[in-house]
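Undergrad: Okay, here's the structure, questions in a sec.
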Amino acid sequence: MSSPFTIRPATASDVPLLLEFIRDLAEFEKLAHECLADEASLHAALFGPRPCAEALLGFAGEEPAAFAIFFQNFSTFLARPGIHLEDLFVRPAFRRRGYAKAMLAHLAREANRRGCGRFEWAVLDWNAPAITFYESLGAAVLPDWRVCRLTGNALARFGT
């Protein structure tokens, strides 16, 4: 018999665990070289005086199995808030058990509770299994939109 899957909001004491998940995700996405997060910056972002994101943890029994980090955004066309899922990751040992779907459903309920007009996230174009999974939930993968990003030196130069 498998352990029950539970989801709860992360707390400040979970920052080391969240950082583990973030590093695991960076490895999975082949982007470990871009992962600069540390405990202090993550704590400030999630639990400092002006939190800019929220985190959820999913547990299979007592075992940390999944995490999600999300933040509120805004749709000018709907004039309503939305939720943007920045990252969702299920550890490989816990995949194919419905945990990703449970995390997404939890966030969809939260979006409804908050009166959001949208629940959005991005997916890497090479992650065909994830794209198929998201489409099976009814999500639309928007073909006409591309993410634009300024970071590092480009952000510093442009923002001066």
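The values are calculated or read from the model by the stated rules, or taken from the named source; none is laboratory data. Quick caveat, the model's predicted, so the values are computed rather than measured. Cβ: placed from backbone, ideal geometry, glycine included. Neighbour counts: every protein chain shown.
Undergrad: Looking at 109, 91, can you tell me which residue is of a type in the set (Lys, Arg), out of contact with any Ser or Thr (no Cβ under 6 Å at 6 or more places or on another chain) and touching a residue at least 40 places away in the same chain (Cβ under 8 Å)?
TA: Details: 109 fails: touching a residue at least 40 places away in the same chain (Cβ under 8 Å).
Of 109, 91, the one residue that is of a type in the set (Lys, Arg), out of contact with any Ser or Thr (no Cβ under 6 Å at 6 or more places or on another chain) and touching a residue at least 40 places away in the same chain (Cβ under 8 Å) is 91.
Undergrad: Further question: Listed residues 130, 140, 154, 105; which is surrounded by 14 or more Cβ atoms within 10 Å (Cβ to Cβ), hydrophobic (A, V, I, L, M, F, W, C) and outside any strand (DSSP E or B)? Reasoning before the result, please.
TA: Details: 140 fails: surrounded by 14 or more Cβ atoms within 10 Å (Cβ to Cβ); 154 fails: surrounded by 14 or more Cβ atoms within 10 Å (Cβ to Cβ); 105 fails: surrounded by 14 or more Cβ atoms within 10 Å (Cβ to Cβ).
Within the list 130, 140, 154, 105, the selection yields 130.
Undergrad: Sort out which residues of the range 42-62 are more than 22 Å from residue 121 (Cβ to Cβ) and surrounded by 12 or more Cβ atoms within 10 Å (Cβ to Cβ), and write them in order of number.
TA: Matches in the range 42-62: 43, 44, 47, 48, 60.
Undergrad: For the range 135-158, check the following and say yes or no: at least one residue is of a type outside the set (A, V, I, L, M, F, W, C) and within 15 Å of the chain's Cα centre (by Cα). I'd like the intermediate steps shown before the answer.
TA: Going through the range 135-158, the residues of a type outside the set (A, V, I, L, M, F, W, C) turn out to be 135-136, 138, 143-144, 146, 149, 151-153, 157.
Checking which are within 15 Å of the chain's Cα centre (by Cα) leaves us with none.
Within the range 135-158, none of the residues are of a type outside the set (A, V, I, L, M, F, W, C) and within 15 Å of the chain's Cα centre (by Cα).
Undergrad: Take the conditions under 16 Å from residue 22 (Cα atoms) and among the β-branched types (Val, Ile, Thr) and apply them to residue 69. Does it pass?
TA: Criteria met by residue 69.
Undergrad: Quick check on my filter: what residues within the range 68-98 are touching a Phe, Trp or Tyr at 6+ places or on another chain (Cβ under 7 Å) and over 19 Å from residue 129 (Cβ atoms)?
TA: Of everything in the range 68-98, those that are touching a Phe, Trp or Tyr at 6+ places or on another chain (Cβ under 7 Å) and over 19 Å from residue 129 (Cβ atoms) turn out to be 81, 82, 83, 84, 86.
Undergrad: Specify which of the listed residues (66, 111) is surrounded by 13 or more Cβ atoms within 10 Å (Cβ to Cβ), within 17 Å of the chain's Cα centre (by Cα) and in a helix (DSSP H, G or I). Walk me through it before giving the result.
TA: Details: 66 fails: in a helix (DSSP H, G or I).
Within the list 66, 111, the selection yields 111.
Undergrad: Applying the selection to the range 15-30, what residues are out of contact with any Lys or Arg (no Cβ under 9 Å at 6 or more places or on another chain) and modelled with pLDDT of 95 or more? Step through it out loud before you land on a result.
TA: The initial filter retains those residues of the range 15-30 that are out of contact with any Lys or Arg (no Cβ under 9 Å at 6 or more places or on another chain), namely 15-20, 22-23, 25-30.
15, 16, 17, 18, 19, 20, 22, 23, 25, 26, 27 - these are the residues of the range 15-30 that are out of contact with any Lys or Arg (no Cβ under 9 Å at 6 or more places or on another chain) and modelled with pLDDT of 95 or more.
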